[in-house]
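K.L.:
Structure provided below as structure tokens; questions to follow.
The values are calculated or read from the model by the stated rules, or taken from the named source; none is laboratory data. Keep in mind that what you see is a predicted model, and the values were worked out from it rather than measured. Positions of Cβ are generated from backbone atoms using ideal geometry, with glycine treated the same way; all protein chains shown enter the neighbour counts. Areas reflect the complete protein model, heavy atoms only, side chains present, ligands, DNA and RNA absent. Shrake-Rupley method; radii C 1.70, N 1.55, O 1.52, S 1.80 Å.
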Amino acid sequence: MNRPADRLRIAMQKSGRLSDPARNLLKQAGFQFRSDKDQLFCYGEDCAIDLVLVRDDDIPQLIAENVCDLGIVGRNVLQEKALELRGSAHCGLQELMPLAFGGCRLSLAVPNSQLWQNAADLEGQRIATSYPELLADFLQQRGIRADIVALKGSVEIAVKLGKADAICDLVSSGATLVANGLKETEIILQSEAVLACQNTPFGDSRDGLLANFIARIEGVMKVQGSKLIICQTGKCDLASVLKLLPDAVAPTISPVWGMDDTLNIQALCQSAVTWQRLEAMKLAGARGLMVLPVEKLLA
Ligand code: ATP
Ligand code: ZN
């Protein structure tokens, strides 16, 4: 099915760990949507972008089949589907950019009591997972032969139930593993939410819409946590004050009218601007320190 060429359709998780952060990201980027009655389709009010709200597992397939143009989905789900579709007519999924939320890892875990040297210890074992393709790829690259027990859910109790000797599952804090008497032994994939699409250009006006969309998302991500510091300093103290701004992107230094020995500093800082840092800057000779939040940035 071909998509209309004048609007971008983005697939997102309807409800789950990725839905609120994804909605917030789009809101911060200035996109507003009107939901339909069943709230599965959201129409972009002032932009040529629409949302389709679905289960996260369906997102890569919707992109692969051209039903949606883009998706916001975990790298774990995207890569699993990409491996599954390898060699088929619908291959060619790609990660456009990481989105810095939904962080987790796909890891191997074994019972606490089991000694562990490396992944070769899994030779001949049964490993339960909801990610059979990623696990098979990992094992194949290391020449390990093991039985993959594919499960849709409740992977963490597969060992207790006697269905498997080890598991390969998503981990964030590790509390679920501990609660089930398991220990994390090796990371297979570091994951986070990503923007996904097909790896060929649309060849119509959606290419321009996508470029604008990415520029806005990048702008939001760049300013997340960024602060603008403005202050004044004597010329002789400039070097000491700048030393306390190692994360500043090309700070602007300008003269101050009527004060020959004073300079104005304006710096966009990308790491935390704490009170301790401001106090250190004051000690180094900075005055009139001001810290401002950054709302938008278009590079
Ligand atoms: P759906 O109903 O959409 O299928 P789900 O239960 O499969 O939902 P969630 O649990 O909401 O999905 O997880 C969605 C994504 O969040 C995962 O695919 C993963 O990328 C990310 N994630 C982050 N931390 C975790 C975690 N601790 N456990 C599982 N997923 C996590
Ligand atoms: Zn899911």
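K.L.:
Report the residue, chosen from VAL54, VAL273, VAL67, that carries the largest GNM mean-square fluctuation when the chain is represented by alpha-carbon nodes joined by springs under 10 Å.
P.N.:
With Cα springs under 10 Å in the chain, the top fluctuation among VAL54, VAL273, VAL67 is at VAL273.
K.L.:
Within the chain, what percent of beta bridges assigned by DSSP are antiparallel, to the nearest 5?
P.N.:
75
K.L.:
State the volume of the convex hull built on the alpha-carbon positions of the stretch 151-212, expressed per residue in Å³ and rounded to an integer.
P.N.:
Dividing the Cα hull volume of the stretch 151-212 by its residues yields 139 Å³.
K.L.:
Just to confirm my numbers, what's the Cα centroid distance between the stretch 164-206 and the stretch 91-152 in Å?
P.N.:
Each part's Cα centre sits 9 Å from the other's.
K.L.:
Turning to a different aspect of this structure: GNM, the chain, Cα, under 10 Å: largest mean-square fluctuation among LYS282, LYS227, LYS27?
P.N.:
LYS282
K.L.:
Further, regarding this structure: So if we plug the beta-carbon distance of ALA284 and LEU96 into 1/(1 + (r/R0)^6) with R0 = 30 Å, what FRET efficiency do we get, rounded to 0.05?
P.N.:
0.10
K.L.:
So if the hydrodynamic radius of the stretch 227-293 is defined as the Kirkwood radius over C-alpha pairs, what does Stokes-Einstein give as its diffusion coefficient at 25 °C and 0.890 mPa s, in µm² per second?
P.N.:
Approximately 210 µm²/s, per Stokes-Einstein.
K.L.:
For VAL149, enumerate residues with amide H under 5 Å from its amide H, sequence gap 5+ or separate chain, H modeled in the peptide plane.
P.N.:
Placed amide hydrogens put ILE127, ALA128, THR129 under 5 Å from VAL149.
K.L.:
Read phi for every residue in the stretch 79-96 and hand back ³J(HN,Hα) as whole Hz from Karplus 6.51 cos²θ - 1.76 cosθ + 1.60, θ = phi - 60°, with x for Gly and Pro.
P.N.:
With the stated coefficients, the stretch 79-96 comes to 5, 4, 5, 4, 5, 5, 8, 3, x, 8, 5, 9, 7, x, 7, 9, 8, 7 Hz.
K.L.:
In the chain, what percent of the accessible surface is made up of carbon and sulfur (1.4 Å probe, ligands and nucleic acids excluded)?
P.N.:
Carbon and sulfur together cover 52 percent of it.
K.L.:
Residue-wise, which Karplus ³J(HN,Hα) couplings in Hz belong to the stretch 142-148, taking 6.51 cos²θ - 1.76 cosθ + 1.60, θ = phi - 60°, and x for glycine or proline?
P.N.:
Result, rounded to whole Hz: 9, x, 9, 9, 8, 8, 8.
K.L.:
Separation between the ALA299 and ILE214 pseudo-spin-labels, each 7 Å from Cα along Cα→Cβ, expressed in nm?
P.N.:
For ALA299 paired with ILE214, the spin-label model returns 1.1 nm.
K.L.:
Between ARG145 and THR274, what's the calculated FRET efficiency when r is the beta-carbon distance and R0 is 45 Å? Round to 0.05.
P.N.:
E(calc), rounded to 0.05, equals 0.30.
K.L.:
Further question on the same structure: Quick one: how many Å² of SER19 are accessible to a 1.4 Å probe, rounded to 10?
P.N.:
10
K.L.:
SER88 versus ASN112, label points 7 Å from Cα toward the beta carbon: distance in nm?
P.N.:
Result for the modelled spin labels: 4.1 nm.
K.L.:
Can you give me the convex hull volume of the Cα atoms of the chain, divided per residue and expressed in Å³?
P.N.:
In the chain, the Cα hull volume divided by residue count equals 196 Å³.
K.L.:
Would you kindly calculate the translational diffusion coefficient of the stretch 1-131, applying Stokes-Einstein with the Kirkwood radius from alpha carbon pairs, for 4 °C and a viscosity of 1.567 mPa s, and quote it in µm² s⁻¹ without decimals?
P.N.:
My calculation gives 77 µm²/s for D.
K.L.:
Calculate, for ARG17 and LYS243, the FRET efficiency according to 1/(1 + (r/R0)^6) with r their C-beta to C-beta distance and R0 51 Å; round to the nearest 0.05.
P.N.:
It comes to 0.80.
K.L.:
Something else now. Which of the trypsin sites (Lys or Arg not before Pro) found in the stretch 85-162 are in a DSSP loop and have at most 16 neighbouring Cβ atoms, other than their own, within 10 Å?
P.N.:
Loop-located and lightly packed - ARG86, ARG142, ARG145, LYS152, LYS160.
K.L.:
Let me ask something else about it. How fast does the stretch 104-191 diffuse by Stokes-Einstein, in µm²/s, taking the Kirkwood radius from C-alpha pairs at 20 °C and 1.002 mPa s?
P.N.:
Reported coefficient: 170 µm²/s.
K.L.:
Got a sec to turn the phi values of the stretch 223-236 into Karplus ³J(HN,Hα) couplings, 6.51 cos²θ - 1.76 cosθ + 1.60 with θ = phi - 60°, whole Hz, x for Gly and Pro?
P.N.:
Computed from phi, the couplings for the stretch 223-236 are 8, 4, x, 7, 9, 9, 9, 10, 7, 10, 8, x, 4, 5 Hz.
K.L.:
Below 15 Å Cα-Cα, how many Lys pairs turn up in the chain? Only count pairs eight or more apart in sequence, or on different chains, if you could.
P.N.:
Lysine pairs meeting the criterion: 10.
K.L.:
Follow-up question, since we're still on this one. Would you mind working out the accessible area per residue for the chain, using a 1.4 Å probe, and quoting it in Å²?
P.N.:
So the chain comes to 54 Å² accessible per residue, rounded to a whole number.
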